[in-house]
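The values are calculated or read from the model by the stated rules, or taken from the named source; none is laboratory data. Everything quoted here is computed from the prediction, not taken from an experiment. We place every Cβ from the backbone using ideal geometry, glycine too, and count neighbours over all the protein chains shown. When the accessible area is computed, the model is the full protein with side chains, heavy atoms only, and any ligands, DNA or RNA have been set aside. Shrake-Rupley method; radii C 1.70, N 1.55, O 1.52, S 1.80 Å.
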Amino acid sequence: MNYPKFLKFSQAKLAAILLVLFYVSEAISKFSIVYLDGKSFLPRAIKFLVLLFLLFKIITPIKKFILPIILLLFFIIGQLFIYNGFNTEIIISFSKFLFPLFLFFYFNKYPQNQLTQNIFFQTFEWLLIINGFLIIGGFVLSQELLKTYEGPRFGYNGLIITSATSTYVYTIALFYFLIKLNHTFFKNYKVWLTIVCCILVGTKALYIALFGVLLIFLFYFSYLKKPHRKLVASILVIFSLSLIYIFFFQYGRFNEIRLQQGLFSSILSFRDDLLVGETLPYIKNNWKWPNYLFGGISDLSTRAQMGFIDVFYFWGIVGGIVYLYTYYKSYLNFDLNNWKIYPFLILIVIVFLSGNFFENASVAIYLLILKERLIYDSTFDKKSL
C-alpha cells in the first residue's frame, strides 16, 4: 500500500512522536488539575486513538494474537461475576493494561532502524533536559504546577503528571545513561542533571534506583581496584542506612507517619492500609471462586497501588500469570547478558513498592526507550566485533 509521505514519516518516527505527544498532553492535564480543578480528557483521547492504531497494525496474523484474546476472555469471565463489573472506568483500566502489550507487539513486528532509534533517543534526552530545568526551576521558585505532590510533602517533578510516572521515568533514565555511557557515566552533564532530578522528585523508590545504579557502576565500570570498590560500597551503604535512620526515625514526614501508623505505612506510603483496609475486604465480600482465577473489580479505588498485587487483583491468579507472561514475552525478546539484568531486578523491586506500572501507557513508551537502547547497544557491539 502506498501511503502519503506524511503518514510514512509519522509511522517511521512513531516512537519519538508518541513520546512527545504523551509528555505534552499530560503536561496540559497537569496544568488543568492544578489551575482548572479538573483533569484534561486529552491524554486519554490520544492514548485511545493510539491504541486503536496499534490494534489495527498488529491484529494479523491472528495466531500471534492469541494471548491478548485469552486475556480478553479472562477479563470478561471475571467481570461477569462482579456487580457493575463492566462500568466505564473498569473497561478503560482493561484497555490500559493492554496498551503496553500492543505497543511492544507493534515494535516487535515493525522494528526501528538505527536512524529512528537515534531520533527516539535524542527526543528522550531533550525531554529530560527540558523537564530537568523545570524541576530545578520549580524547586527554586516553589512553583505549585511543578510539584510532585499536593500539600506539604517535598518533591518536584516538572510537567510529569504523577509521582509514580516520574519515578519510572527517572529510574529508566538512570538505566538508559548507564547502558549508553558505561565508564563515562559520570562525565556527562545529562547524567548529573538526571541525578539532581532524582533527588528533587522526592520519591523513595527513586532513591532506591539511584542507590542501585551507583552500586552497578561501582562494581562494573569504575576504575577503582577491587578492595577500594568494596570500601566505597561499604561507605555508600552506611551513608544510605544513616539517611534512612534519620528520615524514618528522627525527623520529617516519614518519621511522623511511623510514629502514628507504623514503619510499614511510612515505607509504603499507606499502601499497606489500602491493601488491608480496601483490597482484601473487597475480595472477601465480592469475589466468587471464578474471580480468584480470573480477577474481578468494580471500584479502582480499592487497589493497593502496588504493581504486582494490583495485577493479580485485576486478573486473578491464572489471569495474572498469563498477563505477566505475555508482558514478559512481548518486552524481553532479546538477550540480557552480564550486568544488564540488574537494572531490571531493581525495577522489579520498585514495581513491588509502587503502583500504576503495568496500566500506565506513558510508562510503556519510556520502557520502550530502555528496550531500544539495549537492542541498539547489542547490535552495535555485534557489528564492532
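Computed quantities for the displayed model
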read-out: Three-way shape label, the range 1-136, alpha-carbon gyration tensor, a/c 1.5; value: oblate
read-out: Relative contact order of the chain, defined on C-alpha pairs under 8 angstrom at six or more residues apart (%); value: 24
read-out: Estimated inter-spin distance, LEU231 and PHE133, nm [label 7 Å along Cα→Cβ]; value: 4.1
read-out: Restraint check, LYS147/LYS284; LYS225/LYS340; LYS190/LYS225; LYS109/LYS204; LYS204/LYS340; LYS147/LYS340, Cα-Cα greater than 29 Å; value: LYS147/LYS284; LYS109/LYS204; LYS147/LYS340
read-out: Only Lys, Arg (+1) and Asp, Glu (-1) charged, at Cβ; the chain dipole about Cα centre in debye; value: 1160
read-out: Globularity index of the range 279-325, i.e. its alpha-carbon radius of gyration over 2.2 N^0.38 Å; value: 1.03
read-out: Overall dimensions of the range 93-166 as given by Cα atoms, namely Rg and Dmax in Å; value: 16.5, 46
read-out: All-pairs Cα distance distribution in the range 169-211, expressed in whole percent, bin size 10 Å; value: 31, 58, 11
read-out: The range 40-161, accessible surface, carbon-and-sulfur percent (1.4 angstrom probe); value: 73
read-out: Relative contact order (%) - criterion: Cα under 8 Å, at least six apart; region: the range 107-204; value: 28
read-out: Largest-first principal axis extents, alpha carbons of the range 9-51, Å; value: 37, 16, 10
read-out: Translational diffusion of the range 88-245, µm² s⁻¹ [Kirkwood Rh, Cα pairs; Stokes-Einstein; 10 °C; 1.306 mPa s]; value: 89
read-out: Gap separating the Cα centres of the range 103-129 and the range 311-326, nearest whole Å; value: 28
read-out: Exposure rule at most 10 other beta-carbon atoms within 10 Å, DSSP loop chymotrypsin sites (Phe, Trp or Tyr not before Pro): the chain longest free segment; value: 84-222
read-out: Average projected area [Cα convex hull, the range 291-385], square nanometres; value: 6.7
read-out: Rg/Rh ratio calculated on Cα atoms of the chain (Kirkwood radius); value: 0.96
read-out: Helix-only mean residue ellipticity at 222 nm for the chain, each DSSP H run of n ≥ 4 adding -39500 (n - 2.57), per residue, nearest 500; value: -24000 deg cm²/dmol
read-out: FRET efficiency for PHE31 and TRP192, using Cβ-Cβ distance with R0 set to 22 Å, rounded to 0.05; value: 0.20
